[in-house]
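The values are calculated or read from the model by the stated rules, or taken from the named source; none is laboratory data. Since we're looking at a predicted model, the values are computed, not measured. Using ideal geometry, Cβ is built from the backbone for each residue, glycine included, and neighbour counts are taken over all protein chains shown.
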């Protein structure tokens, strides 16, 4: 328990280290998520149009 | 050559007759410096310390003001198409227009700068350095600005976009220009500013021409 | 207003737009780092349809590999790497800050090279690649600035310091924002891509000038030296997590680039199909109205 608490405390710098990592994950992960959702939307739209054309 | 001079005189004459651009730029320049003086406080030591920076930033912002009108009217009425098809290479046409723009907006800034130097309590030895730095630096500002003006033709919200585009590109002239006003490293800064202006003179017309061709495609 | 007739490029057949005047753009420099990757792109992925097939295979592998490398990097950075003698545990921010800075710069060089390929060789995928890469670079730049600020607060006492490196990265961030704003400011995405290419090349030539001027400005105004991490040589226990995170970020860039390029090509194809499909019934309905006997 003590070791985990020390890990999260980061030698007193927790207020700086964790937001830094968190921001990196949030921004890069957010971009990845946004890109992925836009990709799926484009795939769906393209499939929809091609289905219309074939009809 | 005749075409170049003719284009310069046409644009410059137009700017003089309309008068709006010059007045706007001068008024904005004076306004920003005065507002800064109000914001910072009347203490002479502070003003003297940040005076060159204030004047240069104000000059930079004023140089930006009517930049979007550099190519816009010609773009709208087809003059730009004629310019692109003319015998004169488009880069030289751009250079003529930019030179006229600088003569109408940059030169007045240089002319009025001694008055504003007094407003920020700049010491007498620094005033010629300020005028010289603006004289050498404002052509670079006009040339770099012409590239940005050519890029945003036909875009939505040209004015805001223009400011965003030139902001990083104006950092070097600003740094060297303000440095040139100071006594100690003034010489080196002035040289670098001159080099920047010459490089802009050599490269920016071609970049603007390329951007204009993209706009006309 | 300048609505000349243009053939709508079909991504399936490759973009067949010809140069309006054939004159190449005159301002570009070749950079080493991306040279090998560029040539591979040119030869193997020149055809958009081929790119779609190849990227469909590559994408899951890139994604999985990047995730694994980043996970390894995070483990090394948070658990294995030692705390610094001076900075304590705060040095762990370096493992996010420095790789992000490297990626910020590398992605901008990628955008510049892709823009040069678009302007000079009219490579069909080049400006799609540049437009897809720019937001990724902007994200890395933001992460670099934010983590740098969070690192600076305990180390130098302020949230922001006009250090030459941080200031240069701030200017780079504005270059990215300007590029993204420009390519999205036009109704016609191709026009936006062309304008963006010129801007990217202007920016890349200005980059060394800006860096030099900011360094110059910094030495004139800040004679006191700023705390430098690591010194000239970084010991291996600190270097290894750095390199692993850098590799992970690089993999993330490639993954997101492929994903965004596929999205852009999909959207382009959808637009072309929609325009092509809309034209047919419009033509059919217009014909009777145009005939002189219609008596409108």
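For segment A:10-34, enumerate the residues that are in contact with a helix residue (DSSP H, G or I) (Cβ under 8 Å, 6 or more places away or on another chain), facing chain C (nearest Cβ under 9 Å) and closer than 17 Å to residue C:151 by Cα.
Residues satisfying the conditions are A:10, A:11, A:12, A:13, A:14, A:16, A:17, A:19, A:20, A:21, A:23, A:24.
From C:124, C:82, C:24, grab the single residue that is buried (at least 19 other Cβ atoms within 10 Å of the Cβ), in a loop (DSSP other than H, G, I, E, B) and modelled with pLDDT under 95.
So the residue among C:124, C:82, C:24 that is buried (at least 19 other Cβ atoms within 10 Å of the Cβ), in a loop (DSSP other than H, G, I, E, B) and modelled with pLDDT under 95 is C:124.
Go through segment A:35-55 and give me each residue that's surrounded by 13 or more Cβ atoms within 10 Å (Cβ to Cβ) and more than 8 Å from chain C (Cβ to nearest Cβ).
Within segment A:35-55, just A:41 meets the criteria.
Can you name the residue in segment B:148-194 that is more than 10 Å from chain C (Cβ to nearest Cβ) and without any contact (Cβ under 8 Å) to a residue 40 or more places away in the chain and, of all such residues, is nearest to residue B:66 (Cα to Cα)?
The qualifying residue nearest to residue B:66 (Cα to Cα) is B:191.
Sort out which residues of segment C:71-90 are on the phi < 0 side of the Ramachandran plot and at the interface with chain A (Cβ under 9 Å from one of its Cβ atoms), and write them in order of number.
Within segment C:71-90, C:74, C:77, C:78, C:79, C:83, C:87, C:89, C:90 qualify.
Exactly one of (1) assigned to a helix (DSSP H, G or I); (2) over 26 Å from residue C:69 (Cβ atoms); (3) in contact with a helix residue (DSSP H, G or I) (Cβ under 7 Å, 6 or more places away or on another chain) is unmet by residue C:139. Its number?
(2)
Determine which member of the set B:144, B:175 is closer than 28 Å to residue B:124 by Cβ and surrounded by 22 or more Cβ atoms within 10 Å (Cβ to Cβ).
The match here is B:175.
Would you be able to say whether some residue in segment C:258-267 is modelled with pLDDT of 50 or more, within 17 Å of residue A:48 (Cβ to Cβ) and surrounded by fewer than 21 Cβ atoms within 10 Å (Cβ to Cβ)?
yes
For segment C:199-210, which positions are within 22 Å of residue C:163 (Cβ to Cβ), more than 8 Å from chain B (Cβ to nearest Cβ) and crowded, with 18+ Cβ neighbours inside 10 Å? Spell out how you get there, then give the answer.
Step one: of segment C:199-210, the residues within 22 Å of residue C:163 (Cβ to Cβ) are C:203, C:206-210.
Within this subset, residues satisfying the condition of being more than 8 Å from chain B (Cβ to nearest Cβ) are C:207-208.
Of everything in segment C:199-210, just one residue is within 22 Å of residue C:163 (Cβ to Cβ), more than 8 Å from chain B (Cβ to nearest Cβ) and crowded, with 18+ Cβ neighbours inside 10 Å, namely C:207.
Residues checked against (1) buried (at least 23 other Cβ atoms within 10 Å of the Cβ); (2) under 23 Å from residue C:257 (Cβ atoms); (3) touching a residue at least 60 places away in the same chain (Cβ under 8 Å):
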{"site": "C:72", "(1), (2), (3)": "no, yes, yes"}
{"site": "C:87", "(1), (2), (3)": "no, no, yes"}
{"site": "C:99", "(1), (2), (3)": "yes, yes, yes"}
{"site": "C:105", "(1), (2), (3)": "no, yes, yes"}
{"site": "C:112", "(1), (2), (3)": "yes, yes, yes"}
{"site": "C:148", "(1), (2), (3)": "yes, no, no"}
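Got a number for residues in segment C:150-171 being in contact (Cβ under 8 Å) with a residue 40 or more places away in the chain and not in a helix (DSSP H, G or I)?
Within segment C:150-171, residues that are in contact (Cβ under 8 Å) with a residue 40 or more places away in the chain and not in a helix (DSSP H, G or I) number 3.
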